[in-house]
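Engineer: Dropping the structure in here first, questions after.
Laboratory data are not the source of any read-out in this text; all were calculated from the coordinates shown. Computed from a predicted structure; not experimentally measured. Cβ placement follows ideal geometry from the backbone for every residue including glycine, while neighbour counts extend to all protein chains displayed.
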Number of protein chains: 2
Amino acid sequence: MTDIDTDNSPIPERKRGSGVKMVYDLLRDEILDLVLPPGSPIDEVQLAERLKMSRTPIREALVRLAGEGLIDTLPNRSTMVANIDFLNLNPFFDALVLMYRVTTRLAAQNHRPEDLPIIRGFHEDYAAAVQTRDALTMIATNAAFHAAIAESGRNPYFTSLFRRLLDEGRRILRLYYQSYDEQFPQRFVDEHAAMIAAIAARDVEAADRLGKAHAEQIVEQVQKLFARNNKLDIAL
Amino acid sequence: MTDIDTDNSPIPERKRGSGVKMVYDLLRDEILDLVLPPGSPIDEVQLAERLKMSRTPIREALVRLAGEGLIDTLPNRSTMVANIDFLNLNPFFDALVLMYRVTTRLAAQNHRPEDLPIIRGFHEDYAAAVQTRDALTMIATNAAFHAAIAESGRNPYFTSLFRRLLDEGRRILRLYYQSYDEQFPQRFVDEHAAMIAAIAARDVEAADRLGKAHAEQIVEQVQKLFARNNKLDIAL
DNA sequence: TGTATTTTATTTGTCGACAAGAAAAATACA
DNA sequence: TGTATTTTTCTTGTCGACAAATAAAATACA
């Protein structure tokens, strides 16, 4: 037995292409869960020594994140978590509502039987998170649920834009649930169930209508919250 | 005069942050103009010595291009120009038509006076390219024209998806014009003019209608072409 | 004391080198 | 001659180091 693997070193064993993905996933989650709030500085060197790797894979992960708009990079200067433009959320809401509609509609049109169990799975995960009042899981599984619907619609262009919007939505909702833990999520569970039914029945118009209503519901709630909050903490 | 710039060396002087952008722009143009056809291998080392720089900035440009779907990277193996899925262009057309509509509509709604000269500028560039029958310029300025309209609509989410679609469209149209140099571009010039008029008049419904018609016009033409061509060169 | 200029420090952008992975080539074996 | 195995080659992924660009600190000067 050739002892190439001298296990006196803790965990320096990392597979070759895995470093970038590890950093990317880590930072992405921390950004979307607001562990890294908007504006947080991101230090390459610090990350490198924390994760015990060179700056190169970290840099690559940062480039990817910048491409998705999750971080901003000032040339020759610091890089930081992208800010949320709270003062002008309308473009975001417009895009979100349209993508909700289009992806739900396309799901009713193009889904395959094997897609439904996956969608139902996320639906149940979301319902469970609502039961246990686990806000973070609730937000993440809600996004996963709608992303799965979008996938079943089989239009990669819409799916990728929608994913980006859902990501941004995770950050916004995170603020929402951290201020008020409202009781309305049960309503969302019911609406999700209705959407699944429409998709399974291939009822395109109903899916469109439900997607639109669901989206406008969310938008309205969030806008209401911000209207209340802005009276207090405009500071930031 | 301090002679820091000893000009015995040809062009080794490159500004610090410019390498990545240079490579990115170069490859992007070559990909979109089909100078690098779909499937072309991209060799980092070769590019590095051709452009007289290290692999690092080239790598970063490739990561960005991969993020936009213009190249595909097989782990630990080659990276190559992304293929075009000619067999299933429908998702592309669906997304394109919707984005044409939405961006033109939003332009009519949200544009500012200073946007119009920019849009008209690309319009004239396009008209000039049609006059001189310069296919490559025609394709590029057409994309720039619609991108400018999208910008004036001021929804960055729609704009970035539309840009990606227009890029992909450049590659597809490139094939079109290289096979047949049709005479229909003049029609597009007229439709462009009508769109500008609707935007300037802030006629949202007209803009929506024109955007949709224009998009469907293009889609129909391209589909017609491929129907003809597929009888001959299914090979690839 | 307040402003302008120089110096230091910190962080990024780029480089050359090396090793891991996978394909291609070469060899062994039937 | 055809298949399996080893060797070689080639490309990528990662590393540590250095230099440029900027910000912060320190100094000079009024």
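Engineer: Which value, in Å to one decimal place, does the Kirkwood hydrodynamic radius take for segment B:18-81 when every pair of different Cα atoms is included?
Structural biologist: After inverting the pairwise mean of 1/r, the radius is 11.6 Å.
Engineer: In a GNM of chain A with a 10 Å cut-off on Cα contacts, which of A:Pro117, A:Pro75, A:Pro185 has the highest mean-square fluctuation?
Structural biologist: Taking springs between Cα atoms under 10 Å, the residue moving most is A:Pro75.
Engineer: Over all residues in B:155-162, what is the mean tally of Cβ atoms on other chains that come within 10 Å of each residue's Cβ?
Structural biologist: Mean partner shielding for this stretch: 6.
Engineer: Based on the alpha carbons, how large is the Rg to Rh ratio for chain A when Rh follows Kirkwood?
Structural biologist: Across chain A, the Cα-based Rg/Rh ratio is 1.03.
Engineer: Along Cα→Cβ, 7 Å out, is where each label goes; now give me the distance between the ones at A:Ala213 and B:Leu26 in nm to one decimal.
Structural biologist: Distance between label points: 5.7 nm.
Engineer: Roughly speaking, what % of Cα-Cα pairs in the protein assembly as shown are separated by over 43 Å, rounded to a whole number?
Structural biologist: 21 percent
Engineer: Something else now. Using the C-alpha atoms of segment A:99-192, what convex hull volume per residue, in cubic angstrom, is computed?
Structural biologist: 81 Å³
Engineer: Mind listing the label-point distances from A:Lys21 to the same position on all other copies, shortest first, one decimal in nm, points 7 Å along Cα→Cβ?
Structural biologist: Here the equivalent label points are 3.4 nm apart from this one.
Engineer: Between B:Arg112 and B:Glu205, what is the spin-label point distance in nm, taking each point 7 Å from the Cα along the Cα→C-beta axis?
Structural biologist: With each label point 7 Å from Cα toward Cβ, the separation is 3.0 nm.
Engineer: May I ask you to report, in nm to one decimal and beginning with the shortest, the distances from B:Asp33 to the same position in the other copies, taking label points 7 Å along Cα-to-Cβ?
Structural biologist: Distances to the matching label points in the other copies: 4.8 nm.
Engineer: Partner chain Cβ atoms within 10 Å, averaged over the residues of A:99-111 - can you pull that number for me?
Structural biologist: Mean inter-chain Cβ contacts per residue within 10 Å come to 1.
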